1. Would you mention how many residues in the range 108-162 are within 23 Å of Phe189 (Cβ to Cβ) and among the β-branched types (Val, Ile, Thr)?
2. Return yes or no: is Val214 modelled with pLDDT of 90 or more, touching a helix residue (DSSP H, G or I) at 6+ places or on another chain (Cβ under 6 Å), in a helix (DSSP H, G or I) and hydrophobic (A, V, I, L, M, F, W, C)?
3. Taking helices (runs of 4 or more DSSP H) that fall entirely within the range 26-128, which contain at least 3 residues that are surrounded by 24 or more Cβ atoms within 10 Å (Cβ to Cβ), modelled with pLDDT of 95 or more and more than 14 Å from the chain's Cα centre (by Cα)?
4. Does the range 89-103 hold any residues that are of a type outside the set (Gly, Ala, Ser) and either touching a strand residue (DSSP E or B) at 6+ places or on another chain (Cβ under 8 Å) or over 15 Å from Asp74 (Cβ atoms) (or both), and which are they?
5. Of all residues in the range 169-180, which are modelled with pLDDT under 90 and either on the phi > 0 side of the Ramachandran plot or in a loop (DSSP other than H, G, I, E, B) (or both)?
6. Report, by residue number, each residue of the range 245-259 that is assigned to a helix (DSSP H, G or I) and free of Cβ contacts under 8 Å to residues at least 12 places away in the same chain.
Amino acid sequence: MGVCMSYRKACLILLLVVIPFTAALAQVAHPEQVQIAPPLIRAIDPPAPEATAAALEQQGDALHAAKLYLDAVDYYRAALLKSPNNAPVLNKMCRSELLMGRWRDARKSCERAIKANRAFAEAYGNLAVAYYGDHKYGAAIKQCDKAIAIDNTSAAFFNNLGAAYFAEKKFEPAVAAYQHALQLDPGVFERSSRTGIEAQLTGPEDRARFDYTVAKLFAKMGYSEQSLEYLKKAMEAGYKDLKNVYKDEEFTALRKNPRFTELMASKTAAITD
């Protein structure tokens, strides 16, 4: 009996330790993530049966903001029982599921949102993230294209499109998408680098190439500070073709900046695990 109880305790401890570190997060259409998900443990009471759909949705929003995503999903699901085929609520549920790394559940929620509203650009954008998280990059690209066809003013959509192309090693269309994202919002990478879809580029070579590509884009657009920042990141990631910085025409103006000379002279070492 004592052995059995010890085994159960060990299993419980293992679950509590492992779950928080295995629930990966993705970028939703409006970035706000990559971090480790909190433990998938419900923290509050279940939805009240007498609550209205609007009240349940509002509580779900508050729980999502507090990063209690599992509870948020419970409240969104309860709201949908009272207001079926509510596209905004379905999309919000998808968003919470994305932040728990539940790619298949998120896909289903997004697909239901799209079925309820075929012109819901954000739902297509979130569906793209769900496919990306499941390593289905071609499908992610298709959904990004659909989102952009409806709303071509969202930097996040183009950023996600660039990340999906980058994951498929289709670098030219990736650069074009990233450049469009930067034109719409020069700060898009600052936000999405901590929470964004491209932060899932786990291979060091891909990470380094991404940073160098972004440095080129910033340099081409005349944002010297941001370009230098990403050049440093590329160096820290061990970018192998750094010598190209002296040949690529995008860096022509930046090469005259004393801080560029200082950075190159520093020979920033690659950061290794």
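1. The qualifying residues number 4.
2. When the stated conditions are applied, Val214 does not pass them.
3. Helices (runs of 4 or more DSSP H) meeting the threshold: 69-82, 87-99, 103-116.
4. The answer is Asn91, Leu98, Trp103.
5. Within the range 169-180, Lys169 is the sole residue that qualifies.
6. If the condition is that a residue be assigned to a helix (DSSP H, G or I) and free of Cβ contacts under 8 Å to residues at least 12 places away in the same chain, then Tyr246, Glu249, Arg255, Lys256, Pro258 are the ones that fit.
Table: residues versus (1) of a type in the set (Val, Ile, Thr); (2) crowded, with 23+ Cβ neighbours inside 10 Å; (3) in contact with a Leu (Cβ under 9 Å, 6 or more places away or on another chain); (4) modelled with pLDDT of 70 or more.
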| residue | (1), (2), (3), (4) |
| --- | --- |
| Leu184 | no, no, no, yes |
| Gly187 | no, no, no, yes |
| Thr195 | yes, no, yes, no |
| Leu201 | no, no, no, no |
| Pro204 | no, no, no, no |
| Glu225 | no, no, no, yes |
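The values are calculated or read from the model by the stated rules, or taken from the named source; none is laboratory data. This structure is a prediction, so every number in the text was calculated from the model and none was measured. Note that we place each Cβ from the backbone using ideal geometry, even for glycine, and neighbour counts take in every protein chain shown.
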